[in-house]
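Laboratory data are not the source of any read-out in this text; all were calculated from the coordinates shown. Just so it is clear, the structure is predicted and the values come from calculations on it, not from any experiment. All Cβ positions, glycine included, derive from the backbone under ideal geometry; neighbour counts span all protein chains shown.
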Amino acid sequence: MRAVVFSSEKSLELEERPEPTPGHKEILIETAAVGICGTDAHVFDGEFEGTVFPLVPGHEATGTIVALGEAVNDGVFDFHVGDHVAINPSTVCGECEFCLNGHQNLCRFWNGLGVVASDGASQQRFVAPAGNVYKLKPDTDLFEAALIEPLACAIRGWDVLPRRLGDHVLVYGAGTMGLLMAQLAPFAGAASVTIVDINEGRLQAAADVGVKLRYTNADQAERAKWDVVVDCTGNIRAIEDALTRVKPAGYFQNFGVAPADRTANYSPFRVYRDELSIVGTMAVLNSFGRAVEMFEAGAINAKAMISHSFTLDDYAEALNMFRQGTGRKLQIRPNDTQSRVLLP
Ligand SMILES: [Zn+2]
Ligand SMILES: [Zn+2]
């Protein structure tokens, strides 16, 4: 079986590995698709806290069950060989203060498959704990469904924002997360959704998923202030600009991942005087099952969001393309024999 391995910081190899065997409560999955995101680039660069090399990357995955550990179905589960599934990559200790208080996404010993110390899905087959595996309907497109993991992060993002009918929402950044936050906004009650990105190609993606108000600069927009402003860029200049666009009593969210050592300027006086709320959101918390349901109900336009697929051989090319910011969501299909352009 073939696997992409980050053998050490900034080094990548394609390896022939023995077939993984599932433990008692584990499931062996043949990978259909695995999305590439900023986290993979951070892991590769050795910038992600806690990564243990060598590591098979890949945390936004779907696939088909090929084998079950002997105890998988002893409790509430009813998995079968052949089931189509999506995988929640987060595993937690269940014992620390944050796990015990309902904030498992902030677990002090948080481990993501393909991110920290357990191998991910950029290989032909991989193993996941049964509790992290979510069954999909047989007719759900397994390639498109690789967007369920980022969708679960976006649902978590909305969980910590107000959901008030008639709010006006502004999103900075039309990459995968910006497109998902914008598409979920109407479900949270938004009367309008505006998206800002300096990249025209990304604004076209926003148009394709149905966002009507799109600008390269928020100054061009039809309003000056918004009830909810979400930064999905992690870019300091964008964040500083975004904070000035929040209405009194409004919310600002840091969704995008800014460099850990950077700071942004804002007016504490305005936060006080206008009762602004600044909120963070980190990964997935009790939102994976809802992401599966919303995805299968057609809440997002997945077809317009995935532009290229790559074989394991072309993993390095995919990572380079991601860094250049070209294309939309890029994904690896470890059992495909050729890389494909999915959108012109
Ligand atoms: Zn990701
Ligand atoms: Zn914990």
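Some notes on this structure:
- Gyration tensor verdict on the range 189-288 (Cα atoms; rounded if a/c is under 1.5, prolate if a/b is larger than b/c, oblate otherwise): rounded
- Listed by chain and number, the aspartates and glutamates placed with their C-alpha closer than 15 angstrom to that of K225 are D167, E240, D241, D274, E275; residues fewer than eight positions away on the same chain are left out.
- GNM result for the chain, Cα springs below 10 Å: residue of G75, G114, G94 fluctuating most strongly: G75
- Choice from V92, V43, V292 showing the highest fluctuation, given a GNM over the chain with Cα pairs closer than 10 Å: V92
- Listed pairs K135/K329; K135/K303; K10/K212; K247/K303 exceeding 28 Å between Cα atoms: K10/K212; K247/K303
- Summed residue charge, Cβ within 13 Å of V196's Cβ, Lys/Arg positive, Asp/Glu negative: -1
- Packing-based order for 156-165, 62-71, 117-126, 143-152, using average beta carbon neighbours within 10 Å, highest first: 143-152, 117-126, 62-71, 156-165
- Pairwise label distance in nanometres, F187 with F269, each label 7 Å out on the Cα-Cβ vector: 4.1
- When each of M177, M1 is scored by the number of other beta-carbon atoms lying within 10 Å, the sequence from fewest to most is M1, M177.
- With K and R counted +1 and D and E -1, the other residues having a Cβ less than 10 Å from that of G178 yield a net charge of -1.
- Within the listed set A205, A249, A299, the residue fluctuating most in the Gaussian network model of the chain (springs between alpha-carbon atoms under 10 angstrom) is A249.
- Charge tally in the Cβ shell below 15 Å around Q331, where Lys, Arg are +1 and Asp, Glu are -1, Q331 excluded: -4
- Each Cα pair under 8 Å and six or more residues apart adds its separation to the average, and for the range 272-344 the resulting relative contact order is 33 percent.
- Average Cα contact separation per residue, the chain, under 8 Å, 6 or more apart, as relative contact order %: 17
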